[in-house]
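Working notes for the structure below.
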Amino acid sequence: MPAASWRTALERLCSVQVPEDEDAELPDELFDAVDGLIDAYGADDIAEIVAEAVLAGQMTQEQAIAALNVAVWSGTDNGASMQLTLDGWVRRADDAVRLRIALHHDSYPLPTAAEMTARLTEIALRFPEHRAVCERYVAGRRAD
């Protein structure tokens, strides 16, 4: 797919405002914009281009988190390819923006409880701003 096409779709996604309240209903235009970006990009994994848009100041981290949570249901693989990217971001924990996006995704990071617990424990120690979300994931997965 031509880069101009997906860049236009990304610009449309970046223009969608998401509610600040995490429990608020997301606007229909967000779902449409995510669908449009996936179609234009030609792949279900839009995580990298969304993260780059955040780094470029085109969208907020909250917009990115909401968009990637919607993308799980908009693609053809139920988010499997994107989850690989997000898991890689958690494993590396070397980029503040990508790490925050990955840690606020609507699924457990990393494929096994053991790997997740070990990695998130380390991340919580290195990045105190992520301690609460890391602890929440570890406790939730233990309960499951």
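To the nearest Å, what is the center-to-center distance of the stretch 40-73 and the stretch 88-116, using C-alpha atoms only?
Between the Cα centres of the stretch 40-73 and the stretch 88-116 lies a distance of 15 Å.
Say each of Leu125 and Asp32 gets a label point 7 Å from the Cα, pointing the same way as Cα to Cβ; how far apart are those two points in nm?
4.9
Which residue fluctuates most in the GNM of the chain (Cα springs below 10 Å): Arg98, Arg126, Arg12?
Greatest mean-square fluctuation among the candidates belongs to Arg126.
What part of the accessible area of the stretch 21-84, given as a whole %, is carbon or sulfur when the probe is 1.4 angstrom?
Working: 1530 of 3190 Å².
Here it works out to 48 percent.
Before anything else, pin down the relative contact order of the stretch 1-74: Cα pairs under 8 Å, at least 6 apart, normalised by residue count, whole percent.
In percent, rounded to a whole number, it is 39.
If you count only protein heavy atoms with a 1.4 Å probe, what accessible area per residue comes out for the chain, rounded to a whole Å²?
That works out to 53 Å² per residue.
Kirkwood Rh over Cα pairs of the stretch 1-82 into Stokes-Einstein at 10 °C, 1.306 mPa s: D in µm²/s?
128
Connecting C-alpha atoms closer than 10 Å in a GNM of the chain, tell me which of Glu115, Glu22, Glu52 has the biggest fluctuation.
Per the Cα network of the chain with a 10 Å cutoff, Glu22 tops the list.
What is the chain by shape, rounded, prolate or oblate, if you read a ≥ b ≥ c off the alpha carbon gyration tensor as root eigenvalues and call it rounded for a/c under 1.5, prolate for a/b larger than b/c, and oblate otherwise? Walk me through the intermediate numbers first.
Details: a/c = 1.82, a/b = 1.75, b/c = 1.04.
Here the chain falls in the prolate category.
Rounded to the nearest 500 deg cm²/dmol, what is the calculated helix-only ellipticity per residue at 222 nm for the chain, with -39500 (n - 2.57) per DSSP H run of length n ≥ 4?
Roughly -21000 deg cm²/dmol at 222 nm, from the helical runs in the chain.
The values are calculated or read from the model by the stated rules, or taken from the named source; none is laboratory data. Owing to the predicted nature of the structure, the values given are computational and were not obtained by experimental measurement. All Cβ positions, even for glycine, are placed from backbone atoms using ideal geometry, and neighbour counts span all protein chains on display. Surface areas here come from the heavy atoms of the whole protein model, side chains and all, with no ligands, DNA or RNA. Shrake-Rupley method; radii C 1.70, N 1.55, O 1.52, S 1.80 Å.
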